[in-house]
Amino acid sequence: MEAESLNTSSTFNVRALYGGAIQTVIPEDFLDASEFRQVPDTQEVFVSAASGANGVDDSLIFDLLEMARDDAPTLEKLDLELHISDLAEANAVPNQWTLGLVESVAVDVNGEGKDNEIEKALVGTCIMPAHKWGRSERKDIEGDSVDVDRLSPTPLLLVVLGVLRLKEFTTDVVVSFNVPLIFRDDIEMFKNGDGIPRVEAANIAVKKSLEAFRLLNKGLFGA
């Protein structure tokens, strides 16, 4: 499909999700993980073409989940925090995450440009220990052109997480971009507040995928 050029070093391609029921954009150099591994039915998973090389293991995941709070149709920061908490538990690091700046993104879900149909999505960046990506066993990177001496004994996982609430279907669309930081120099840069290109690219990718989100077939939710 036609690529969308941005005022960044990234280029995004239009991508159909969930059998064409949803349309969005993803970085052009990301691959569909379902082509080489099993993916849960509620998810669409994409991985960087550079995954497995030079220690890079970035991934972009779309997930359709129940609303974080079924009694709260309005999306709030707490909902973002609840989804992050669930993610941390899934990664075996409960209560070990920190959430930074949270921003809002306007989403024209139906693509009709009607002000009363514009939804607000929230995007936040969090950090947690990266046991899952820890590379504690150096055999994990056999075949990679990686200087193992650069590896940190305490790797981190940075997650840019976006949530879009489809209250009509009591569903939260959760978009997460995972950036494992396994090298000492990357972690030092992050702690010093220096910009890391992979992290900046993750933030842009999540925002762009939400801005471009369109629900084309409500039948996905049984409507």
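Looking only at the range 110-130, count every residue that is surrounded by fewer than 18 Cβ atoms within 10 Å (Cβ to Cβ) and touching a residue at least 60 places away in the same chain (Cβ under 8 Å) and tell me the total.
So in the range 110-130, the residues surrounded by fewer than 18 Cβ atoms within 10 Å (Cβ to Cβ) come out as 110-118, 120, 129.
Restricting the remaining residues to those that are touching a residue at least 60 places away in the same chain (Cβ under 8 Å) gives 110-111.
The qualifying residues number 2.
Assess whether Ala68 counts as being at pLDDT 90 or above, under 24 Å from Leu122 (Cβ atoms) and assigned to a loop (DSSP other than H, G, I, E, B).
Details: at pLDDT 90 or above: yes; under 24 Å from Leu122 (Cβ atoms): yes; assigned to a loop (DSSP other than H, G, I, E, B): yes.
Taking the combined requirement at face value, the residue satisfies it.
Report, ordered by the first and then the second residue, all pairs with beta carbons closer than 8 Å, sequence separation of six or more or different chains, a first member in the range 194-208 that is within 15 Å of Val105 (Cα to Cα), and a second member that is in a loop (DSSP other than H, G, I, E, B) and of a type in the set (Ser, Thr, Tyr).
Ile204/Thr8; Ile204/Ser10; Ala205/Ser10
Using beta carbons and a limit of 6 Å, which pairs, at least six apart or on different chains, have the first residue in the range 88-106 and free of Cβ contacts under 8 Å to residues at least 40 places away in the same chain and assigned to a strand (DSSP E or B) and the second one crowded, with 17+ Cβ neighbours inside 10 Å and of a type outside the set (Val, Ile, Thr)?
Pairs that qualify, where the first residue is free of Cβ contacts under 8 Å to residues at least 40 places away in the same chain and assigned to a strand (DSSP E or B) and the partner is crowded, with 17+ Cβ neighbours inside 10 Å and of a type outside the set (Val, Ile, Thr), are Leu99/Gly124; Leu99/Cys126; Val102/Leu122; Val102/Gly124; Ser104/Leu122.
Go through the range 187-221 and report how many residues are part of a helix (DSSP H, G or I) and touching a strand residue (DSSP E or B) at 6+ places or on another chain (Cβ under 8 Å).
16
Within the range 59-105, which residues are over 18 Å from the mean Cα position of the chain (by Cα) and within 19 Å of Thr42 (Cα to Cα)?
Across the range 59-105, the qualifying residues are Arg69, Asp70.
Can you name the residue in the range 164-198 that is modelled with pLDDT of 90 or more and aliphatic (A, V, I, L, M) and is also surrounded by the fewest Cβ atoms within 10 Å (Cβ to Cβ) among such residues?
Restricting to residues being modelled with pLDDT of 90 or more and aliphatic (A, V, I, L, M), the top hit is Leu166.
Which one of these is in a strand (DSSP E or B) and modelled with pLDDT under 95: Glu112, Glu119?
Working: Glu112 fails: in a strand (DSSP E or B).
Residue meeting the stated conditions: Glu119.
Looking only at the range 149-163, which residues are over 14 Å from Val179 (Cβ atoms) and touching a His at 6+ places or on another chain (Cβ under 9 Å)?
Val163
Only one of Leu65, Leu31 is in contact with a strand residue (DSSP E or B) (Cβ under 7 Å, 6 or more places away or on another chain), over 19 Å from Leu215 (Cα atoms) and surrounded by fewer than 18 Cβ atoms within 10 Å (Cβ to Cβ); which?
Working: Leu65 fails: over 19 Å from Leu215 (Cα atoms).
Exactly one of Leu65, Leu31 is in contact with a strand residue (DSSP E or B) (Cβ under 7 Å, 6 or more places away or on another chain), over 19 Å from Leu215 (Cα atoms) and surrounded by fewer than 18 Cβ atoms within 10 Å (Cβ to Cβ), namely Leu31.
The values are calculated or read from the model by the stated rules, or taken from the named source; none is laboratory data. Since the structure is predicted, the reported quantities are computational estimates derived from the model, not experimental observations. Here Cβ is always computed from backbone atoms with ideal geometry, including for glycine, and neighbour counts include all displayed protein chains.
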